[in-house]
Amino acid sequence: MPAIRGEKLGALGITEPDAGSDVAGIKTTARKVDGGYVVNGSKMFITNGVRADFIVTAVKTTAEGGHHGISFLIIDRGAGVESSKIEKMGWHASDTALIAFDDVAVPEENLLGDENQGFYLIMANFQWERIMMALGAVGAMQAMFERTLAYAKERTAFGRPIGSHQVIRHKLAEIALRIEAGRDLTYHGLRRFVDGADAVQEVTMAKLATQRAAFDTADDCLQIHGGAGYMVEYDIERAARDARLGPIGGGTDEIMKEILGKSFGL
């Protein structure tokens with residue numbers, strides 16, 4: 001496959017201007033015609049959307065409401081596909097786009113999976129996405145902690161390293177505890193998921209716990225760096241900007257709590 005060989009870039013097109021957390025509310029349509037489909041609509045906040053050679057796109061293939069009638073089409077960049085770059089608070093190394101589809105012809109063989117069964121593909125993908133986000137957050141927190149610990153040992157104030165002051169020492173202890181709790185919860189969810197168990201609760205908890213924790217950790221590390229943390233040179237300000245996406249992307253904190261609540265039979 002060209003994407004696996006590194007010959008082409010892909011993007012995943014699910015979110016729309018009016019359908020983010022409510023995946024079932026997508027409005028991009030794929031009308032069946034001889035030999036394939038004609039796609040109209042738009043997608044928002046699409047990673048790789050500016051440079052992607054193809055977009056794996058969630059579309060409505062029936063007029064039926066809710067999660068029924070959602071399918072996935074592999075849409076190659078070409079006539080009728082337009083991308084606009086979106087400027088973001090963080091993640092500047094990753095392009096994000098608004099994509100518009102205007103009477104885009106898609107051949108029938110570009111249907112991914114079964115027609116009208118795309119919602120189940122979305123739900124299955126979310127488990128991988130959320131556990132990967134949790135793992136990324138744990139790694140990011142560890143990197144921030146190690147960098148800040150080294151800074152606290154080197155930076156002096158009032159005649160001694162700032163790490164020897166109780167207020168900084170205790171803050172670093174709190175950060176280490178937060179990281180370990182997130183790591184344990186994430187690894188537990190990963191083990192259950194890889195074993196093929198129903199890991200929705202564990203994966204959801206891991207995603208919910210680690211994303212806000214990563215932003216809080218970045219903020220705490222920035223504070224320990226003082227004025228230096230606000231400067232680009234030390235990378236902590238970038239970590240804070242990048243981490244803020246976590247409680248939003250891949251399912252907001254609010255959606256994670258809703259999934260957990262429903263998993264308890266509520």
In region 132-169, anything of a type in the set (A, V, I, L, M), free of Cβ contacts under 8 Å to residues at least 40 places away in the same chain, farther than 30 Å from VAL203 by Cβ and in a helix (DSSP H, G or I) is listed as ALA150, VAL167
Determine whether SER94 is assigned to a loop (DSSP other than H, G, I, E, B) and either in contact with a strand residue (DSSP E or B) (Cβ under 7 Å, 6 or more places away or on another chain) or buried (at least 16 other Cβ atoms within 10 Å of the Cβ) (or both).
yes
Cβ-Cβ distance below 6 Å, separation of 6 or more or different chains: which pairs start in region 100-119 with a residue that is among the aliphatic types (A, V, I, L, M) and end on one that is in a helix (DSSP H, G or I) and open to solvent by 40 Å² or more (accessible area, probe 1.4 Å)?
none
I need a count of the residues in region 58-90 that are of a type in the set (Val, Ile, Thr), open to solvent by less than 40 Å² (accessible area, probe 1.4 Å), closer than 16 Å to ASP114 by Cβ and not in a loop (DSSP other than H, G, I, E, B).
2
Just to be sure, is ARG244 closer than 30 Å to VAL23 by Cβ, in contact with a Pro (Cβ under 7 Å, 6 or more places away or on another chain) and either open to solvent by 50 Å² or more (accessible area, probe 1.4 Å) or in contact (Cβ under 8 Å) with a residue 60 or more places away in the chain (or both)?
no
Is it the case that PHE193 is within 20 Å of MET256 (Cα to Cα) and touching a Gly at 6+ places or on another chain (Cβ under 8 Å)?
no
Checking GLN142 against (1) polar (S, T, N, Q); (2) open to solvent by less than 40 Å² (accessible area, probe 1.4 Å); (3) at pLDDT 95 or above: exactly one of these is not met. Which one?
(2)
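Out of GLY118, GLY113, report the one residue that is over 30 Å from ALA243 (Cβ atoms), in contact with a helix residue (DSSP H, G or I) (Cβ under 7 Å, 6 or more places away or on another chain) and either at pLDDT below 95 or of a type in the set (A, V, I, L, M) (or both). Even if it seems obvious, please write down each step before you answer.
Numbers: GLY118 fails: in contact with a helix residue (DSSP H, G or I) (Cβ under 7 Å, 6 or more places away or on another chain).
Result: GLY113 is the single residue among GLY118, GLY113 that is over 30 Å from ALA243 (Cβ atoms), in contact with a helix residue (DSSP H, G or I) (Cβ under 7 Å, 6 or more places away or on another chain) and either at pLDDT below 95 or of a type in the set (A, V, I, L, M) (or both).
The values are calculated or read from the model by the stated rules, or taken from the named source; none is laboratory data. Only a predicted model underlies this, so the values are computations on that prediction, with no experimental measurement involved. Here the Cβ is made from the backbone with ideal geometry for all residues, glycine too, and neighbour counts use every protein chain on show. With ligands, DNA and RNA removed, areas are computed over all heavy atoms of the protein, side chains included. Shrake-Rupley method; radii C 1.70, N 1.55, O 1.52, S 1.80 Å.
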